[in-house]
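In what follows, a single structure is set out as structure tokens and then discussed.
Derivation of every value follows stated rules applied to the coordinates shown; laboratory data play no part. Because the structure is a prediction, the values reported are computed rather than measured. With ideal geometry, Cβ positions are generated from the backbone for all residues, glycine too; neighbour counts draw on all protein chains shown.
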Amino acid sequence: MEGRIIVVTSGKGGVGKTTATASIGAALAMEGKRVAVIDMDIGLRNLDVVMGLENRIVFNIVDVVKGQCKLSQAAIRDRRIENLFLIPASQSDNKDVLTPAGVERVGKQLRQEYDYVLMDSPAGIERGFENSVVSADDAVVICTPDVSSVRDADRVIGLLYARSITPKLVVNRIVSEMVARGDMLSHEDVIDVLSVPLLGLVPMDQQVVISSNVGLPLVMQNDSAAGQAFRRIARRLNGESDLPIQVPSHKKGMWGMITSKFGRK
Amino acid sequence: MFNALLRKFAGHKPTNKTAKKRLQFTLVCDQLEVNDSTLKRLQGDIITVISRYFEIDRDALQLQVQRDKDVSALVFNTPILCVKKDTAIPVPDSGGQKNYRKKKK
């Protein structure tokens, strides 16, 4: 059976695309799938450091597309999670070195060798974005509950629809305390504005920074709320579409418990 | 939490409703690819046309954007002060408030 290529994108930078790609990829591999995560941010690679594989890079995606090495030579095997592979970006080239036609050719080969291929798109909607979506079967749009991120997500969603892809939304970095007091857009607000299907909700979590400091997979940490959220997202992507979406919540103080009992927020 | 109660007494207003409204307006403008100055000109033109037939309160005119799943609507809301009698074109009897609704896909 042919694998699926999923692009992870957002429009705006810094909303958690790379963390999401690394985490969803790792979680899918933990579900027993053969997974490749590909860093498409040519010139500004980061997926390698987030995954802790930066010391093992020999070839990269540009080499693969140019035919300078075999796909299997560029794929770095993760030693902690079975069946997880990283194809890093080139750090020295420029984004225009890849063409959509070249990436599409490699995409066909990727589908043969992996169950899931996650493309970590660069920020923006230019060539790098086009290269990332050209062979995608599905798309995951990451956004945070703030106006600039939601606006950019809307733009990217429009571009994906134009390519006949219905994107699925992940709302990242939800601070439930702020949502409760009305100072952060709730996930309902975001879905209302963007009107796309929801894939999952990820709470703000300090563990994201901590695990990227040491290059450990977030999803392997059972005490990480974000990591657990990404594992549920991966399961939903992997066919368990009826797995309920968990809304991030915070521990309420005494007064919060009393007021919520009486139906107040 | 007591903090929440304190904030309520201190007159803290939630900001997420504002964020949502601003976003919805911006997204409609983005999708229609019109900018603020175009909307201002449109508003000016509409005022000019309506003023030909009605006496309206220019300052009270409101321009709103409503967004549903499939369509976005520009809603112009203006109180009509009175109907101008000296126009050649017959105008329907009306008074008070009237909505002018323009739909765009």
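Between A:H250 and A:K70, the contour length at 0.36 nm per residue exceeds the alpha carbon distance by 60.0 nm. Shape of the protein assembly as shown from the C-alpha gyration tensor: oblate (a/c of 1.5 or more and a/b not above b/c, with a ≥ b ≥ c the square roots of its eigenvalues).
In this structure the amide hydrogen of B:V83, modeled in the peptide plane, comes within under 5 Å of the amide hydrogens of B:E55, none closer than 5 places in sequence on its chain.
Per-residue 3J(HN,Hα) values for the stretch A:162-179, derived from phi via the Karplus relation 6.51 cos²θ - 1.76 cosθ + 1.60 with θ = phi - 60°, read 4, 9, 6, 10, 8, x, 10, 9, 10, 9, 9, 6, 7, 9, 5, 4, 5, 5 Hz in sequence order (x marks Gly and Pro).
Listed by chain and number, the aspartates and glutamates placed with their C-alpha closer than 12 angstrom to that of B:K84 are B:E55, B:D93; residues fewer than eight positions away on the same chain are left out.
Across the stretch A:102-117, coupling constants 3J(HN,Hα) worked out from phi with the 6.51/-1.76/1.60 Karplus curve, θ = phi - 60°, read x, 5, 4, 4, 5, x, 4, 5, 4, 4, 6, 9, 10, 6, 9, 10 Hz, and Gly and Pro carry x. Among the trypsin sites (Lys or Arg not before Pro) in the stretch A:188-255, those located in a DSSP loop and surrounded by at most 13 other Cβ atoms within 10 Å of their own Cβ are A:K251. Where both bridge residues fall in chain A, DSSP classifies roughly 5% of the beta bridges as antiparallel.
Counting only other chain Cβ atoms within 10 Å of each residue's Cβ, the peptide A:183-196 averages 3.
Kindly state, to the nearest 0.05, the FRET efficiency for A:T166 paired with B:T38, given R0 = 22 Å and r defined as their beta-carbon distance.
About 0.10, to the nearest 0.05.
Placing dummy labels 7 Å off each Cα toward the beta-carbon, the span from A:D146 to B:V75 is 3.1 nm. Taking 0.36 nm per residue of separation and subtracting the current Cα-Cα distance, fully stretching the chain between A:Q109 and A:D137 would add 8.7 nm. For chain A, find the longest principal axis of its Cα atoms and tell me its angle to the long axis of helix A:225-237, 0 to 90°, nearest 10. So the helix axis and the longest Cα principal axis differ by about 60 degrees.
Taking amide H atoms as placed 1.01 Å from N in the peptide plane, the amide H of B:V75 lies under 5 Å from those of B:Q64, B:V65, B:Q66, each 5 or more residues away in sequence or on another chain. Annotation: amide H of A:Q246 within the under-5 Å range of A:L201, sequence separation 5 or more or interchain, hydrogens built in the peptide plane. Give the separation of the Cα centroids, the stretch A:76-122 to the stretch A:128-194, in Å. Here the two parts' Cα centres lie 23 Å apart. Placing pseudo-labels 7 Å out from each Cα toward the beta carbon at B:A10 and A:L44 gives an inter-label distance of 3.7 nm. The ranking of A:T99, B:T26, A:T21 by Cβ neighbour count inside 10 Å, starting from the fewest, reads A:T99, B:T26, A:T21. Sequence gap at least 6, Cα distance under 8 Å: using those rules, report the relative contact order of chain A to the nearest whole percent. Worked out over chain A, it gives 24 percent. For the stretch A:155-229, a/c is not less than 1.5, where a ≥ b ≥ c are the root eigenvalues of the C-alpha gyration tensor, and a/b does not top b/c. That puts it in the oblate class.
Sequentially through the stretch A:128-136, phi angles give Karplus couplings (6.51, -1.76, 1.60; θ = phi - 60°) of x, 5, 4, 4, 6, 9, 4, 10, 6 Hz, Gly and Pro residues having no value and appearing as x.
Shown here for the stretch A:103-161: GluC sites (Glu not before Pro) in loop regions (DSSP other than H, G, I, E, B) with at most 13 other Cβ atoms within 10 Å, namely A:E126.
Anisotropy class assigned to the stretch A:32-144 is rounded, per the alpha carbon gyration tensor with a/c under the 1.5 cut-off. Annotation: aspartates and glutamates with alpha-carbon distance below 17 angstrom to A:K70 (same-chain offsets under eight excluded): A:D39, A:E104, A:E113.
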